[in-house]
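Asks: The structure follows.
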Amino acid sequence: MIRFIEDPEEKKKISRKILEALPEWFEVEESREGYIRDSAILPLWAFFEGDEAQGFLCLKETGRETMELAVMGVLKECHRKGIGRRLFAAAKDYAAQKGYLFIQVKTVRYGVYPDYDRTNEFYLSLGFKELEVIDDLWDEANPCQIYVMSLKDAINVIGTRHSYRGKYLPDPVPEEDLKQIANAGINAPSGCNKQTTSIVVVNDPELLDKIKGVIDPPVAATAPAMIVVLASKIVAYRDRTFYIQDYSAAIENMLLAITALGYQSCWYEGHITDEDRICDKIAELLNVPDEYEVVCILPVGKAADDFHAPGKKPFGERVKFNSWDGEL
Ligand SMILES: Cc1cc2nc3c(=O)[nH]c(=O)nc-3n(C[C@H](O)[C@H](O)[C@H](O)COP(=O)(O)O)c2cc1C
């Protein structure tokens, strides 16, 4: 289980335990003590089996939009169990939610020491890309390889999108960003290209208040902007309409655009389309023509609260290769 550790003394205890057990990487006392000292003030995640920490990872801000994987370690007997990968996933989620665009990490260049070669392979397997080698950053015997990862490439945006139901900061969302989000929505695929989904962007504070006034019980009450998704049951061919698939694809595209631009949202459909038909009240406030249904609202804004990814079932339970009894 991964825990975000806040207590500085606990952080130091964990980092000391792990780093002292890894002399292959952290033999030099001065630098090891530096890592332990720094760990007290950096965001730190630890992996626990029962009460025993088996690994940890710290992030450090190195620029307004860049974090560094400052240090990580997993006990040797616990290697190859996916612990480092899970620690990094938690840290990446955190950095993305805080709006950082890149994560960098430094290690000794490939081909110098076998133990560090494994470290290089691990970073590459996480998706890091080679940025630069600086031969004399540390010392001649330890040429420094810098790796970098964009938190805003499609795969990372998909991985760091989560439903957000906390409070929003009051800052207005620039119109350009709202246009980009709506554009992502209308660029989605649609059955027979019937383009059955339309969108009303709401950023007028008075109108937003009116909409929030009909959402009972309230959700997204502090959001500074909202995307209202409209669907029209246009026939694609014979008696078939794909309007649900169409608006679902449009919504997911918009959620990803929202995440990529550093905002948060949540797909509110059940809440507004239940028997009390909040959707119809919203349609009336927006003068939506009869041929459209309001099917979903997506609040847009910067998160004011922390939040966590929901649990997903294990990969292997939902994904098989070649046949349902197939092994990965
Ligand atoms: C069709 C649909 C309807 C949803 N309706 C609501 C809703 O009314 N209220 C809500 O809080 N979340 C709603 N959600 C969000 C889901 O609860 C959320 O996607 C799910 O719990 C998984 O979490 P994640 O989005 O963070 O991965 C809806 C999602 C979908 C796809």
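Read the figures in this text as sums done on the coordinates, not as results from a lab. Note that the structure is a prediction, hence the values are computed from the model and not measured. All Cβ positions, even for glycine, are placed from backbone atoms using ideal geometry, and neighbour counts span all protein chains on display.
Asks: Where does each of 271, 308, 79 land when they are ranked from fewest to most other beta-carbon atoms within 10 angstrom? Each step should come with its number before you reach the end.
Replies: On the way: 271 19, 308 11, 79 14.
Lowest to highest Cβ neighbour count: 308, 79, 271.
Asks: Follow-up question, since we're still on this one. Residue separation times 0.36 nm, minus the C-alpha to C-alpha distance between residue 219 and residue 158: what's the value?
Replies: Values: separation 61, 0.36 × 61 = 21.96 nm, distance 2.36 nm.
Extending this stretch completely gives an extra 19.6 nm.
Asks: Membrane-span-like helices in the chain: DSSP H runs reaching 24 Å or more (Cα, own axis), mean Kyte hydropathy at least 0.0? Mind dumping the intermediate values first?
Replies: Numbers: long enough: 243-260 (25 Å, 0.67).
Flagged H segments are 243-260.
Asks: Using only the Cα atoms of the chain, build the gyration tensor, take square roots of its eigenvalues as a ≥ b ≥ c, and label the shape rounded, prolate or oblate: rounded if a/c is under 1.5, else prolate if a/b is larger than b/c, else oblate. Provide the component values of the computation, followed by the final result.
Replies: On the way: a/c = 2.43, a/b = 2.06, b/c = 1.18.
In terms of gyration-tensor shape, prolate.
Asks: Determine the gain in length on full extension of the stretch residue 277-residue 138; use 0.36 nm per residue of separation and subtract their C-alpha separation, reporting nm with one decimal.
Replies: Values: separation 139, 0.36 × 139 = 50.04 nm, distance 6.38 nm.
Separation in residues times 0.36 nm, less the Cα-Cα distance, equals 43.7 nm.
Asks: Taking a ≥ b ≥ c as the square roots of the eigenvalues of the Cα gyration tensor of segment 164-300, is the shape rounded (a/c under 1.5), prolate (a/b larger than b/c) or oblate? Walk me through the intermediate numbers first.
Replies: Numbers: a/c = 1.97, a/b = 1.34, b/c = 1.48.
Oblate is the answer for segment 164-300, as a/c is 1.5 or above yet b/c matches or exceeds a/b.
Asks: If Lys and Arg each add +1 and Asp and Glu each add -1, what is the summed charge of the other residues whose beta carbon sits under 12 Å from the beta carbon of residue 15?
Replies: Details: positive: 11, 12, 13, 16, 17, 32, 37; negative: 9, 10, 20, 33, 38.
Here the count lands on +2.
Asks: Could you line up 295, 133 from fewest to most neighbouring Cβ atoms inside 10 Å?
Replies: 133, 295
Asks: Shifting gears a bit: Fewest first, what order do 9, 68 take by the number of other Cβ atoms within 10 Å? Each step should come with its number before you reach the end.
Replies: Details: 9 9, 68 20.
Neighbour counts put them in this order, fewest first: 9, 68.
Asks: Continuing with the same structure: Taking Cα centroids, how far is segment 1-75 from segment 142-218 in Å?
Replies: Here the answer is 34 Å between Cα centres.
Asks: Right, next: Calculate the FRET efficiency for residue 129 and residue 305 from the Cβ-Cβ distance with a Förster distance of 30 Å, rounded to the nearest 0.05.
Replies: Efficiency computed from Cβ-Cβ geometry: 0.40.
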